[in-house]
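First the structure, in the form of structure tokens, and then the observations on it.
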Amino acid sequence: MSQLALPLRLQDHAVFESFWAAGNDALVAYLRELSATADGPGCWIWGGGATGKTHLLQAVCERPGDRAVYVPLALLATAGPGILEGLSSRQFVCLDDVHTVAGDTGWELALFNLYNQLAESGGVVVATAVAAPRECRFDLADLASRFSMLPAFHLAALDEADRIRALQLRARHRGLDLPDDTANYLLNRSKRDMTTLYALLDRLDTAALEAKRRLTIPFVKETLSTL
């Protein structure tokens, strides 16, 4: 498992097999090939919150194991840019939420140096943000220019039908059966972003295992009333 000095762990569900790719098939195919071959400079993935950016970054890291490192910048920003030192020795460096350190001189210089070092060593940079590089308000124009050289993919949000399919795929990955009517029930009684829905599914999974029950509407209704 890839780790920094801080105790970072990849989520066990964050693999390509559990990602519903509807509307994002080209991106997922590109990342699958990239993680298998390391053939290419990497890419820039941008999109709104809870669209699956973190899931895909961690899926990229899962395949190459210790040759990859996942760096959640939103969580590590206060730790300072020194945490990037030495990461150019990895084959894959996956930078999550790059926009959160835009405008910070120290972080921008560290990212610029890391990018150049990886380019020289043949490493791969996969980065995510809420916008394209030129729209992330980097003060260092050369950093925006470097990131703009990467192939860019916009990660499209799922519509309601695909959110149900995504939930069912995640459930199958966990060994659960999530019927259509139960999935619709969940969507109609919770926030509809995938982060919330996946977290709710995780809690229902635990409750179902403890009660030895299936994910029927009566069971889900009973469980939700206690959350």
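What to note about this one:
Every residue, every condition in (1) assigned to a helix (DSSP H, G or I); (2) in the same structural domain as L111 (by TED's automatic domain parsing); (3) touching a strand residue (DSSP E or B) at 6+ places or on another chain (Cβ under 6 Å), yes or no:
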{"position": "A131", "(1), (2), (3)": "no, yes, yes"}
{"position": "K191", "(1), (2), (3)": "no, no, no"}
{"position": "D202", "(1), (2), (3)": "yes, no, no"}
{"position": "A207", "(1), (2), (3)": "yes, no, no"}
{"position": "L215", "(1), (2), (3)": "no, no, no"}
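- Residue within the range 94-107 that is assigned to a strand (DSSP E or B), aromatic (F, W, Y), crowded, with 16+ Cβ neighbours inside 10 Å and in contact with a helix residue (DSSP H, G or I) (Cβ under 6 Å, 6 or more places away or on another chain) present: no
- Any hit, the range 176-189, residues being under 21 Å from the mean Cα position of the chain (by Cα) and either surrounded by fewer than 19 Cβ atoms within 10 Å (Cβ to Cβ) or not assigned by TED's automatic domain parsing to the domain that holds L114 (or both): no
- Residue selected from the range 56-65 under the condition part of a helix (DSSP H, G or I) and either surrounded by fewer than 21 Cβ atoms within 10 Å (Cβ to Cβ) or among the small types (G, A, S) (or both), by the criterion modelled with the lowest pLDDT: G65
- Of A68, A22, A50, all but one fail to be surrounded by fewer than 19 Cβ atoms within 10 Å (Cβ to Cβ), more than 11 Å from the chain's Cα centre (by Cα) and touching a residue at least 12 places away in the same chain (Cβ under 8 Å); the exception is A22.
The values are calculated or read from the model by the stated rules, or taken from the named source; none is laboratory data. Treat the numbers as computed from the prediction; the structure is a model and nothing was measured. Counting neighbours? That spans all protein chains shown, and the Cβs are built from the backbone with ideal geometry, glycine included.
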